[in-house]
1. Taking amide H atoms as placed 1.01 Å from N in the peptide plane, list the residues 5 or more away in sequence, or in a different chain, whose amide H sits under 5 Å from that of Ala198.
2. Which residue, Arg63, Arg115, Arg251, tops the fluctuation ranking in a GNM of the chain built on C-alpha contacts under 10 Å?
3. How would Lys163, Lys46 line up by accessible area, probe 1.4 Å, largest first?
4. Under 11 Å from the Cβ of Glu276, count the other residues' Cβ atoms, weight Lys and Arg +1, Asp and Glu -1, and hand me the total.
5. Can you give me the distance in nm between label points at Asn218 and Ala128, each placed 7 Å from the Cα along the Cα-to-Cβ direction?
6. Given R₀ = 35 Å, what would the calculated FRET efficiency be for Thr23 paired with Glu276, taking r from the Cβ atoms and rounding to 0.05?
7. Starting from 0.36 nm per residue, how many nanometres of slack lie between His48 and Arg173 once their C-alpha separation is accounted for?
8. For the chain, what is the largest minus smallest coordinate of the Cα atoms on each principal axis, given in angstrom and ordered from greatest to least?
Amino acid sequence: MKQTTLAMAADQGAGFEQYRRPTKRDVFLQTMNEIVPWSELCEVIKPHYARGEGGRPPIGLERMLRMHFVQHWFNLADEACEEALLDSTSLGRFVGIDLGRERVPDATTLLKFRRLLSEHKLGEKLFAKVGEVLQAKGMKVGTGTIVDATIIGAPSSTKNADKARDPEMHQTRKGQQWYFGMKLHIGVDSQTGLAHSAVVTAANVHDKHPIPDLLHGNEQRMYGDSAYASQKELIHSKAPKAKDFTNDRVRNRNGEVDEVKRGKNRNKSKIRARVEHVFGVVKRLWGFNKVRYRGLAKNATRAFTALALANIFMSRKRLMA
């Protein structure tokens, strides 16, 4: 018979928390526990994960993956994630840690796991695997793609050890405001609203350049804002049958507004707006509106993982059904 520790008994509600009710965090974690394809995602990482031969046994792969996802969902640094697991019963239950029997993996262990994902570009593979799982469950990629880009800010200060900004980040101007950081370009299915492709670049790269990498090739329509206007050659280089449904510029050289084009843009934007739902989850819910690491590679791993989790979150009702 397995011995029950005081921590385990309290977690199971054995008379210690009689009036406790499930919080929103509890409900969210329970939902994610049920719909995230844990076994399929672990198989992606397993060939690169330590087997523990000749040394102490490594921490379970699924446990590390759960901790990694907790970092994304609640925008936690390594040390903050470790402390959250020590403090929160719901997070400890989700990760599967009984503090009466074992320690929480420390921040250094999380750091090494994140470096493993970055070195082998496993963030992209996790994103692709989630797409395969969702398609297998009936959420097929259609013939319409919405493309868009968003700026992820980076520290512009030079008050650091190198006395310099991150050399892989650059500045760009949007409207009357200057920004420093990187860009996340995504391609979103116009029917399901789920991201099927993504590209990470420095902020000074124009939105139009990654267009071929954001299309899957079978599109019949491509939607985008006015930054993608007049790019038919780039579109047809990847999707020959795609029609250009990007928004037109409504003002001419004299500053006059073409009301006919404005009306057409409104109709196109009703579909194009679905791409903003993805950015809303990644930047507002997951907190990825600023980079956490130096260099594009590490932040690209975080971006692809965040998009994979966003696709799962946006499909939660269909997956639960």
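The values are calculated or read from the model by the stated rules, or taken from the named source; none is laboratory data. Fair warning: this is a prediction, and the values are worked out from it, not measured in the lab. No Cβ is skipped: glycine too gets one built from the backbone with ideal geometry, and neighbour counts run over all protein chains shown. These area figures cover heavy atoms from the full protein model, side chains too; ligands, DNA and RNA do not enter into them. Shrake-Rupley method; radii C 1.70, N 1.55, O 1.52, S 1.80 Å.
1. Gly187
2. Comparing Arg63, Arg115, Arg251 in the GNM, the peak value goes to Arg251.
3. Lys163, Lys46
4. Details: positive: Arg272, Arg274, Lys283, Arg284; negative: Asp148, Asp225.
Counting the neighbours of Glu276, the net charge comes to +2.
5. In this crude spin-label approximation the distance works out to 1.7 nm.
6. Values: r = 28 Å, r/R0 = 0.81.
Calculated transfer efficiency: 0.80.
7. Working: separation 125, 0.36 × 125 = 45.00 nm, distance 4.03 nm.
The His48-Arg173 span can extend by a further 41.0 nm.
8. 79, 53, 42
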